[in-house]
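Peer 1: Before I ask anything, here is the structure I am working with.
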Amino acid sequence: MNQPLIDLQHISKSFDSTMVLDDLNLTVKENNFVTLLGPSGCGKTTTLRIIGGFESPDTGKVLFNGQDITHISPNKRPLNTVFQKYALFTHMSIAENIAFGLKIKNKSKAYIQDKIKYALKLVNLDGYENRSVDSLSGGQQQRIAIARAIVNEPRLLLLDEPLGALDLKLRQDMQYELIRLKNELGITFIYVTHDQEEALTMSDTIVVMNQGYIQQMGSPENIYNEPENAFVADFIGDSNIVPGTMIRDELVEIFGAKFPCVDKGFGNNRPVDVVIRPEDIDLLEPGKGSLSGVVTHLIFKGVHYEMEVTTPDGYEWLVHSTDLFPVGKEVDIHVDPFDIQIMNKPASEDEEAIGVNE
């Protein structure tokens, strides 16, 4: 019963002797919204294309509900893909675009008509059957591409940066639409993006990738609040990542100041990396915190103020606060113990790429 819908086993893939995926293992449960997140070239789109059958792995297996589909062609797989460039047929009406896959499957006319109406209603485009593709906005075209995919009733829908060409407001609207569709249809979504906000907004599970490796996999809350290495901490949201020394369990030294924390098991007097989110820093009156500094930069962001506080060591701390501290103001930095995240320093560049953090 707990068998994953998708199981990637030891997948490796190279292009022109450049390793893009290196022994990648990934399982995706049914009815999950999973986002592959990472910078350009990290391997996320290649992973999606291997699941979809558009690329073949050099080594490894792709299992769908326990069945090996590694060498099955894309049109024979029980899934559909929505691309960034929607790949709609401009010489066809909206109805003909949506019906395309159903006609190939030799479905009856009545069945196809019912499905077209159902799909258009789902994507809030009732009555658009006879419109041309060229008459639609980018957001409407994206919805038609999704409608064309969901009429085939796939158990898995792959989405390759489908919102990338939309403006900010439309992109945000479509994020909520995709969440609604996933909940209504019970389809498993695997979504590729480099946009961290998109990933945090929509996902049940985020898979952070870099240089062909999975850096961390977990819920949006877990990824944001408990990054396992410096790459994840830096890529997801803003972070202050500073060198520290783990004095002992639950006590770390940062730039000569001692901060209580909740982490254990790092040893005594051991160099570590320390991650502190800007919103977790409290600015206090001089003498009331652990580190002293001066506000050197200030921007009003609407919801909060973004400030830089320079401490005597020369480090510029990024701080987000609803309280205003003007440039030139002397302040002290305080951080609650549970808002301090301790990570092992990688011993080498290879270890850093793999994301090792025991």
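Peer 1: Only one of these conditions is not met by Pro39: (1) farther than 14 Å from Gln211 by Cα; (2) loosely packed, with under 14 Cβ neighbours inside 10 Å; (3) in contact with a strand residue (DSSP E or B) (Cβ under 9 Å, 6 or more places away or on another chain). Which number is it?
Peer 2: Condition not satisfied by Pro39: (1).
Peer 1: Please work out if Asn229 is of a type in the set (S, T, N, Q), open to solvent by less than 20 Å² (accessible area, probe 1.4 Å) and in contact (Cβ under 8 Å) with a residue 12 or more places away in the chain. It would help to see each step written out before you state the result.
Peer 2: Working: of a type in the set (S, T, N, Q): yes; open to solvent by less than 20 Å² (accessible area, probe 1.4 Å): yes; in contact (Cβ under 8 Å) with a residue 12 or more places away in the chain: yes.
For Asn229, the condition - of a type in the set (S, T, N, Q), open to solvent by less than 20 Å² (accessible area, probe 1.4 Å) and in contact (Cβ under 8 Å) with a residue 12 or more places away in the chain - is met.
Peer 1: Let me ask something additional. Name the single residue that is nearest to Gly43 (Cα to Cα) among those in region 11-28 being open to solvent by 70 Å² or more (accessible area, probe 1.4 Å) and over 20 Å from the mean Cα position of the chain (by Cα).
Peer 2: Met19
Peer 1: Go through (1) farther than 29 Å from Asp234 by Cβ; (2) without any contact (Cβ under 8 Å) to a residue 12 or more places away in the chain and name the single condition Thr18 misses.
Peer 2: (1)
Peer 1: A further question on this structure: Condition (residue is of a type in the set (Asp, Glu), in a loop (DSSP other than H, G, I, E, B) and either in contact with a Leu (Cβ under 7 Å, 6 or more places away or on another chain) or at negative phi (or both)) applied to region 59-68: is it met by at least one residue? Reasoning before the result, please.
Peer 2: Pass one, region 59-68, residues of a type in the set (Asp, Glu): 68.
Then drop every residue that is not in a loop (DSSP other than H, G, I, E, B), which leaves none.
Checked against the condition, which is being of a type in the set (Asp, Glu), in a loop (DSSP other than H, G, I, E, B) and either in contact with a Leu (Cβ under 7 Å, 6 or more places away or on another chain) or at negative phi (or both), region 59-68 yields no hits at all.
Peer 1: Same structure again: It is to be established whether one or more residues within region 219-234 are on the phi > 0 side of the Ramachandran plot and either part of a loop (DSSP other than H, G, I, E, B) or not β-branched (Val, Ile, Thr) (or both).
Peer 2: So the first thing to find is which residues in region 219-234 are on the phi > 0 side of the Ramachandran plot, and the list is none.
No, every residue in region 219-234 fails to be on the phi > 0 side of the Ramachandran plot and either part of a loop (DSSP other than H, G, I, E, B) or not β-branched (Val, Ile, Thr) (or both).
Peer 1: Can you name the condition, by its number, that Tyr118 falls short on among (1) open to solvent by 90 Å² or more (accessible area, probe 1.4 Å); (2) over 16 Å from Ile150 (Cα atoms)?
Peer 2: Answer for Tyr118: the failing condition is (2).
Peer 1: Condition first: within 24 Å of the chain's Cα centre (by Cα) and closer than 30 Å to Val62 by Cβ. Can you find one or more residues in region 121-129 that meet it? Step through it out loud before you land on a result.
Peer 2: Step one: list which residues in region 121-129 are within 24 Å of the chain's Cα centre (by Cα), which gives 123.
With closer than 30 Å to Val62 by Cβ added as a condition, the list becomes 123.
Yes, the conditions are met somewhere in region 121-129.
Peer 1: Counting just the residues of region 267-301 that are open to solvent by less than 40 Å² (accessible area, probe 1.4 Å), assigned to a strand (DSSP E or B) and not aliphatic (A, V, I, L, M), which one comes out modelled with the highest pLDDT?
Peer 2: Gly293
Peer 1: Inspect region 167-185 for any residue being buried (at least 17 other Cβ atoms within 10 Å of the Cβ) and part of a loop (DSSP other than H, G, I, E, B) and give the result as yes or no.
Peer 2: Scanning region 167-185 turns up no residue that is buried (at least 17 other Cβ atoms within 10 Å of the Cβ) and part of a loop (DSSP other than H, G, I, E, B).
Peer 1: Oh, and also: Please give the number of the condition Leu8 fails out of (1) farther than 23 Å from Ile236 by Cβ; (2) of a type in the set (A, V, I, L, M); (3) without any contact (Cβ under 8 Å) to a residue 60 or more places away in the chain.
Peer 2: Going through the list (1) farther than 23 Å from Ile236 by Cβ; (2) of a type in the set (A, V, I, L, M); (3) without any contact (Cβ under 8 Å) to a residue 60 or more places away in the chain, Leu8 breaks only (1).
The values are calculated or read from the model by the stated rules, or taken from the named source; none is laboratory data. As the structure is a computational prediction, the values presented were derived from the model and not from experiment. Because the Cβ atoms are built from the backbone with ideal geometry, glycine has one as well, and the counts that use them run over all protein chains shown. For the accessible areas, the whole protein counts, side chains as well, though only heavy atoms, and no ligand, DNA or RNA atoms are used. Shrake-Rupley method; radii C 1.70, N 1.55, O 1.52, S 1.80 Å.
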